[in-house]
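**Student:** Pasting a structure here, questions to come.
The values are calculated or read from the model by the stated rules, or taken from the named source; none is laboratory data. Just so you know, these numbers come straight off a predicted model, no measurement behind them. We place every Cβ from the backbone using ideal geometry, glycine too, and count neighbours over all the protein chains shown.
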Amino acid sequence: MLFRNTPKYFLFFPILYGLIGCKNVDNSKFRNYFFYNEDANISTLDPAYVKSQSDNWAVSQLFEGLVEYNDSLEIKPCIAKTWSVLDNGTRYIFNLRTDVYFHEINIRPLKNRKLIADDVVYSFKRIADPKTASPGAWIFNDKMDLRCFRSDSFLFPVKALNDSTIEINLINAFAPFLGILAMPYCYIVPKEAASNSEYFRSHPVGSGPFQFKKWEEDVALLFEKNPKYYRFENGMRLPYLSGVYIDNIKNKQTAFMRFVQGEYDFFNGIDASTKDELLNKNGTLKNKYKSKFKLLKTPFLNTEYFGFNIDPKFNKSPLNNLKVRQAMQYAIDKKKMISYIRNGVGVAAEHGFVPNGLPNYPYQDVKGYQYDLEKARHLIKESGIDFNKSTPIVLNITSDYLDMAVFVQKELELIGVPIKIEVHPASFLRQLKKENKINFFRGSWIADYPDAENYLVCFKKENFSPNGPNYFHFYNEAANEAITQSNLSISDSSRNSMLAKADQLMVESAVCIVLYYDESIRMSHPWVKGLTSNPANFLRLRCVKKIY
């Protein structure tokens, strides 16, 4: 396995010279580093300011929180070894591990520095403090009494009972709260390093399996093994890898070729430039790659849709006619779309807005729309709208969804509904949706935390755009109440039943065409062992090995 661009690594990471030694990586320790490419920008290494998957994957190697999700999306202990939920779900007590150390850097207080309860209090208060201006501040805003930031008469609702015990008090019960605590915003940081946020974003200190070594922004990022990481597997201290190297090649086709040549251990996702090269129409690897790569394909908590804004300001639009919206649902052959447009990646949407992959969610109770062209034509007749006399409906998309939009346009032509496609830059499309200026648009929703509630809040009245993600301006009192009550329930089956009820009400109102539930695609070389996949699409490398 030869690195054809070795001079690049020397130029930006001279520290690796001693590891590489020569172009033949097999003769050096460098072979035990995990290489992958990130085509999107990594904007920060401070968990308080994470905004994207690229940020998330990087900081998740360096930091940890009180709890975490496993690959089955079950909450598991992390820095907290046990916890209790008291007072009908409004008070949490966490007992911390006593063998967790922060990464050692050249700051005297961080030499052999244990993580203690005060660090948890500091980390959470830092996120909640308006002065921090963290994009994650919302996770606590309506769940904790945060008047302490406005008056000294109030205490912060997270407190250290001793060095290894934390108490958190909520205003009201919020069933998905543990899932909130698994988010990167809730990773634990040391005050000595994080108090200087500008420096900390590019010189992070955490307690995770890897520690920061070097970052050349927009070029590459290097982590090394944390020699004091507390986890063991089969008697061996984790991680198995010596480090992680994250390249930052923007061109996905170039990155894919480097993966094929063995320069990257792992490749994530597909796009138009690689799907026909890699995959058959049923989503399997083509024969020439079957013996070369391992393919991991799992549900990914991402719902892709074309949404309708049914605000009264659009009353003259055919899209404010329920029968028209329902007809459009029946007219699209989503299975054919998945096969021909996405080479079998994704599952045609046949239930509600909540995607596949959530444990214990009663998908069978939510009845969506099956392809039925005759029913679609019948509904158009019932609508009373003569599309021969109306102007085309405008579908607003970004360029990367043009092929899907053209497919839908042709499907709707068969029931006499004319569609005009307008392509916008992503930022401009977001603004149009936010400002309530368009009534038919492409959208997607990836969970902030893996819970059905986090999808259905998109339909709550208080989240009408521009104040939230309800770009549909849909409101149903029964759905709103079901979502609200689900947060107070401590029974998973009861709250999932309430959420499924809200999901069904959204389906019946036909406020969006749910096109498909996404799947994650991960490919790795045969020498990579222990790499897993999961519906939340997080990347966990602490148990990964490279065995040649």
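**Student:** Hey, does region 470-489 have a residue that's under 21 Å from the mean Cα position of the chain (by Cα), assigned to a loop (DSSP other than H, G, I, E, B) and under 25 Å from ASN396 (Cα atoms)?
**Tutor:** Looking through region 470-489, at least one residue is under 21 Å from the mean Cα position of the chain (by Cα), assigned to a loop (DSSP other than H, G, I, E, B) and under 25 Å from ASN396 (Cα atoms).
**Student:** Select from region 22-31 the residues that are surrounded by 16 or more Cβ atoms within 10 Å (Cβ to Cβ) and not hydroxyl-bearing (Ser, Thr, Tyr) and write down the one among them that is modelled with the lowest pLDDT.
**Tutor:** Ranking the candidates gives VAL25 first.
**Student:** Which residues, counting only those in region 195-230, are over 24 Å from ASP39 (Cα atoms), crowded, with 17+ Cβ neighbours inside 10 Å and more than 25 Å from the chain's Cα centre (by Cα)?
**Tutor:** Within region 195-230, ASN226, TYR229, TYR230 meet the criteria.
**Student:** Right, next: Do the conditions hold for LYS131, that is, is it crowded, with 16+ Cβ neighbours inside 10 Å, basic (Lys, Arg) and more than 19 Å from ILE105 (Cβ to Cβ)?
**Tutor:** It is false that LYS131 is crowded, with 16+ Cβ neighbours inside 10 Å, basic (Lys, Arg) and more than 19 Å from ILE105 (Cβ to Cβ).
**Student:** Could you list, in sequence order, all residues of region 163-203 that are of a type in the set (Gly, Ala, Ser), more than 26 Å from ALA482 (Cβ to Cβ) and assigned to a helix (DSSP H, G or I)?
**Tutor:** Of everything in region 163-203, those that are of a type in the set (Gly, Ala, Ser), more than 26 Å from ALA482 (Cβ to Cβ) and assigned to a helix (DSSP H, G or I) turn out to be ALA193, ALA194, SER197.
**Student:** Now a separate question. Hey, GLU304 hits all of (1) of a type in the set (Asp, Glu); (2) closer than 27 Å to ASP451 by Cα; (3) more than 24 Å from the chain's Cα centre (by Cα) but one; which does it fall short on?
**Tutor:** Among (1) of a type in the set (Asp, Glu); (2) closer than 27 Å to ASP451 by Cα; (3) more than 24 Å from the chain's Cα centre (by Cα), the lone unmet condition for GLU304 is (3).
**Student:** Still on this model: Determine which member of the set LEU412, LEU432, LEU379 is among the hydrophobic types (A, V, I, L, M, F, W, C) and touching a strand residue (DSSP E or B) at 6+ places or on another chain (Cβ under 6 Å).
**Tutor:** From the options LEU412, LEU432, LEU379, the qualifying one is LEU412.
**Student:** Moving on to the next point. When you scan region 285-295, how many residues do you find that are exposed (fewer than 15 other Cβ atoms within 10 Å of the Cβ) and either within 25 Å of the chain's Cα centre (by Cα) or small (Gly, Ala, Ser) (or both)?
**Tutor:** Residues that pass the stated criteria total 1.
**Student:** Could I ask something else about it? Given the conditions (1) at pLDDT below 95; (2) touching a strand residue (DSSP E or B) at 6+ places or on another chain (Cβ under 6 Å), and given that THR274 satisfies all but one, which numbered condition is not satisfied?
**Tutor:** (2)
**Student:** Oh, and also: Which of (1) more than 25 Å from SER489 (Cβ to Cβ); (2) not in a helix (DSSP H, G or I) does MET144 not meet, given it meets every other one?
**Tutor:** (1)
**Student:** Those residues that are over 30 Å from GLY283 (Cα atoms), among the acidic types (Asp, Glu) and modelled with pLDDT of 95 or more, I need them from region 491-547; list them, please.
**Tutor:** GLU508
**Student:** Now a separate question. Give me the pairs: first residue in region 158-172 and outside the structural domain of THR82 (by TED's automatic domain parsing), second residue assigned to a strand (DSSP E or B) and modelled with pLDDT under 95, beta-carbon distance under 7 Å, and six or more apart or on different chains, which are they?
**Tutor:** none
**Student:** Another question about this same structure. What is the one condition in (1) part of a helix (DSSP H, G or I); (2) surrounded by fewer than 19 Cβ atoms within 10 Å (Cβ to Cβ) that ILE338 does not satisfy?
**Tutor:** ILE338 satisfies all of (1) part of a helix (DSSP H, G or I); (2) surrounded by fewer than 19 Cβ atoms within 10 Å (Cβ to Cβ) except (2).
**Student:** I've got another one for you. Tell me the residue from TYR516, TYR475, TYR455, TYR471 that is crowded, with 18+ Cβ neighbours inside 10 Å, under 23 Å from ALA175 (Cβ atoms) and not assigned by TED's automatic domain parsing to the domain that holds ALA175, please.
**Tutor:** Checking each option against the conditions leaves just TYR455.
**Student:** If you don't mind, another one. Would you say TYR449 is part of a strand (DSSP E or B), touching a helix residue (DSSP H, G or I) at 6+ places or on another chain (Cβ under 9 Å) and not assigned by TED's automatic domain parsing to the domain that holds LEU86?
**Tutor:** Considered against the rule, which asks whether it is part of a strand (DSSP E or B), touching a helix residue (DSSP H, G or I) at 6+ places or on another chain (Cβ under 9 Å) and not assigned by TED's automatic domain parsing to the domain that holds LEU86, TYR449 comes out as no.
**Student:** Does LEU456 qualify as being within 23 Å of PHE177 (Cβ to Cβ) and in a helix (DSSP H, G or I)?
**Tutor:** Answer is yes for this residue.
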